[in-house]
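A quick write-up on the structure given underneath.
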Amino acid sequence: MRDRYENFIDGKWVAPIKGEYIPNINPANHNDTIAQFPNSTAEDAVSAVSAAAKALPAWAALSSHVRGEYLRKAADVLASRLDEIATGLMREEGKSLPEAKGETMRGITLLRYFAGQCMLPDGDVIPSASASTFLYTKRVPLGVCSLITPWNFPIAIPIWKAAPALAFGNTVVLKPSELSPLTAIHIAECFEAAGLPAGVFNVLCGEGVRVGEVLATSPDVTGLSFTGSVRTGKHLASQAVAHGKKYQLELGGKNAAIVLPDCNLDQAVTLTLQGAFKSAGEKCTATSRVIVHKDIYDTFVTALVQKTLTLKVGAGDTDAYLGPVISAQSRDRVLRYIQLAQDEGATLLCGGDAPTEGNLANGFYVNPTLFGNVTPEMRIAQEEVFGPVLAILRAEDLEDALTILNGVEFGLSASLFSKSLDSAMVFADRANAGLVRVNGETAGVEPQAPFGGMKGSSSYSREQGLIARDFFTQVKTVSIDRAG
Ligand code: NAD
């Protein structure tokens, strides 16, 4: 570990032009400063975008097989550094070490998966009206892509954007969250060790507000892929539209699980809690509402409270079930929502405060919190809290549960616990969410499957899976005729 890290631009580690740095703090212990990271400015962003533009023609001209080989090599380097990189991720993000390792392994899988996509057909042969014409389509790169990412999945999200971008011949500037820059630096080190040509993959650290405009509007940028909050996403999208860029947004969620009386109770309780409290509830797909059929409400809530009271809070390298939230501001926002829910009349069933005993006093922790008697119009049932807080709502039947489930501005993920095939089919048809699971938690998706939300959770595009290439390529239609 070093005390200070630099940006990765044009294949070199370079200090920010204005020489400004910000500390990266361990959320499990605010006395632990991990290192200083560049707080880049617009000049640094221009330099990163120019490097990506300069590298684009040669990278785009390589055969996709060769590009895939670079991704495979980067995956091998990442695999060889798994423990070290996962430990750094845990230290800057706060999730548990097993979760950090799982996320790092996912990064490796994503790189290998998109390396594999480099061998797939990249167009169609289309019968022409003329017998002598060879008519076909070919996927070609978009160009320079700005990738702006949040802190909560510091390895998976940058890689699920960068791997397809690179595989399909684009060059990129990654702007990771200022709250989790170390993992982005580690990703750059893996690409550097894989021998990726200079300028193909650049990392620009620092606060988004200082560099966002260049990344969204530079004449050299063609695509903007963003994951983060609704507010930032909408702002960046309006800039991108005004400057004719292609953009994709993955935003927040207010994900719900529906529990019916014919569920497997143990499974429903365990997976609801896992969805709500793993990673301290800081997943875009976290379960933040559970909608329980009235006939099983009391039984389910009793079991949920009992199990929640056994969950241990603590640092990621202990046996704790959940760690801290990302920052003091996040903790205070979550505590404000807890107060608000009580003011609105919800019943606090457990948690509701920040633990202060021993080492926990030095971290940004919130105890896992359950609210009963929540009604659909309450803010705790409508707004993304992004912390370990679960709102429990009562439903008359599946129809009523679906109305509650769909009655929010978001539509990222949803799940149902039931043994009934009919209920599963009705739910799968009617849940207005991009990711719909039966007898599974709301969080979690496989890299080979499309990922993204409906309504306010996304810009209607999808990431990962085969569909990822739709954003990172454009289609060229070619017709070739005989001379004469
Ligand atoms: P955020 O919007 O605050 O920050 C996201 C990124 O945008 C960061 O890199 C930040 O530096 C940058 N940024 C901030 N202001 C900017 C500006 N003016 N111009 C350009 N860039 C700017 O979000 P966050 O707090 O990092 O992440 C949490 C949010 O992300 C939650 O709402 C969560 O649901 C969402 N999220 C969504 C998904 C998904 O796939 N749908 C996945 C993970 C997280």
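Taken together, the values in this text are just the output of simple stated rules run on the coordinates, not laboratory data. Keep in mind the model is a prediction, meaning the values are calculated, not measured. FYI the Cβ positions are ideal-geometry reconstructions off the backbone, even for glycines, and counts take in every protein chain you see.
State the antiparallel share, in %, of DSSP beta bridges confined to the range 372-484, rounding to the nearest 5.
On the way: 3 of 8 bridges.
So the antiparallel bridges in the range 372-484 amount to around 40 percent.
Dipole magnitude of the range 52-202 about its Cα centre, charges +1 at Lys/Arg Cβ and -1 at Asp/Glu Cβ only, in debye to the nearest 20?
300
What residues qualify as long-range amide H neighbours of V292, i.e. H under 5 Å apart, gap of 5 or more or another chain, H built at 1.01 Å from N?
V259, L393, R394, A395
Would you mind ranking H243, H186 so that the residue whose beta carbon has the fewest other beta carbons within 10 Å leads the list?
The most exposed by this proxy come first: H243, H186.
To make sure I understand the rule: partners must be aspartates and glutamates, Cα under 20 Å from the Cα of K138, and not fewer than 8 residues away in the same chain. Which ones qualify?
Counting by Cα, and skipping residues close in sequence, K138 has these aspartates and glutamates nearby: D122, D124, D470, D481.
Compare the Cα positions of G94, P121, L82 along the charge dipole of the range 72-147 (+1 at Cβ of Lys, Arg; -1 at Cβ of Asp, Glu; about the Cα centre) and return the one farthest towards the positive end.
Comparing the listed Cα positions along the dipole, P121 ranks first.
Given charges of +1 on the Cβ of Lys and Arg and -1 on the Cβ of Asp and Glu, with all other atoms neutral, how large is the dipole of the chain about its Cα centre, in debye to the nearest 20? Before the final figure, lay out each step's value.
Values: 43 positive and 51 negative charges, 247 e Å.
For the chain, the charge dipole is close to 1180 debye.
Per residue of the range 356-372, in order, report the coupling 6.51 cos²θ - 1.76 cosθ + 1.60 (Karplus, θ = phi - 60°) as ³J(HN,Hα) in whole Hz, putting x for Gly and Pro.
Whole-Hz 3J(HN,Hα) from phi for the range 356-372: 10, 6, x, 5, 4, 5, 8, x, 9, 9, 9, 5, x, 10, 10, 10, x.
Under the definition of Cα pairs under 8 Å and six or more residues apart, what whole-number percent is the relative contact order of the chain?
Working: 1157 pairs, mean separation 87.0, N = 484.
For the chain, the relative contact order is 18 percent.
Sort out for me the Cα centre separation of the range 106-131 from the range 437-484, rounded to whole Å.
12
To the nearest 0.05, what FRET efficiency results for Q342 and L62 with a Förster distance of 45 Å applied to their C-beta separation?
Numbers: r = 59 Å, r/R0 = 1.31.
Once the sixth-power term is evaluated, E becomes 0.15.
What list of ³J(HN,Hα) values in whole Hz, one per residue of the range 266-276 in order, does the Karplus curve 6.51 cos²θ - 1.76 cosθ + 1.60 (θ = phi - 60°) give from phi, with Gly and Pro shown as x?
4, 4, 4, 5, 4, 6, 5, 5, 4, x, 7
Based on other C-beta atoms within 10 Å, arrange T41, T310 from fewest to most. Present the calculation step by step, with values, prior to reporting the outcome.
Numbers: T41 18, T310 9.
Starting with the residue having the fewest Cβ neighbours, the order is T310, T41.
Of K101/K254; K18/K95; K161/K234; K283/K307; K73/K278, which pairs sit farther than 23 Å apart, going by alpha carbon to alpha carbon?
Numbers: K101/K254 26 Å; K18/K95 33 Å; K161/K234 19 Å; K283/K307 21 Å; K73/K278 31 Å.
Violating the 23 Å Cα-Cα cut-off are K101/K254; K18/K95; K73/K278.
Using amide H atoms built in the peptide plane, which far-off residues or other-chain residues are under 5 Å from I25 H to H?
I34
Can you list residues whose amide H is under 5 Å from Y247's amide H, if they're 5+ apart or on another chain and H is modeled 1.01 Å from N?
Amide H neighbours of Y247: L224.
Multiplying the sequence separation of A428 and W13 by 0.36 nm and subtracting their Cα-Cα distance, what value in nm do you get? Intermediate results must be reported in sequence, preceding the final value.
Working: separation 415, 0.36 × 415 = 149.40 nm, distance 4.83 nm.
So the chain would gain 144.6 nm between A428 and W13.
Charges on Cβ only, +1 for Lys and Arg, -1 for Asp and Glu, centred on the Cα centroid of the chain; of G169, V301, V438, which one is farthest towards the dipole's positive end?
G169
What is the Cα centroid distance between the range 1-59 and the range 299-315, reported in whole angstrom?
Comparing the Cα centres of the range 1-59 and the range 299-315, I get a distance of 41 Å.
Can you sort T232, T375, T287 by how many other beta carbons sit within 10 Å, fewest first?
Result, fewest neighbours first: T375, T232, T287.
Before anything else, pin down the relative contact order of the range 39-198: Cα pairs under 8 Å, at least 6 apart, normalised by residue count, whole percent. Could the numbers behind the result be given before it?
Numbers: 235 pairs, mean separation 52.3, N = 160.
For the range 39-198, the relative contact order is 33 percent.
Using 0.36 nm times the number of residues separating E399 and A242, minus their current alpha carbon distance, what extension gain do you get? Write out the running numbers ahead of the final one.
Working: separation 157, 0.36 × 157 = 56.52 nm, distance 4.18 nm.
Gain in length upon complete extension: 52.3 nm.
Reachable aspartates and glutamates from K294, Cα under 14 Å, same-chain residues fewer than 8 places away excluded?
List returned: D262, E396, D397, E399, D400.
With θ set to phi - 60° and the Karplus curve 6.51 cos²θ - 1.76 cosθ + 1.60, what are the ³J(HN,Hα) couplings of the range 202-208 in order, to the nearest whole Hz, using x for Gly and Pro?
10, 10, 10, 8, x, 6, x
At what distance in angstrom do the alpha carbon centres of the range 377-428 and the range 139-215 lie from each other?
34
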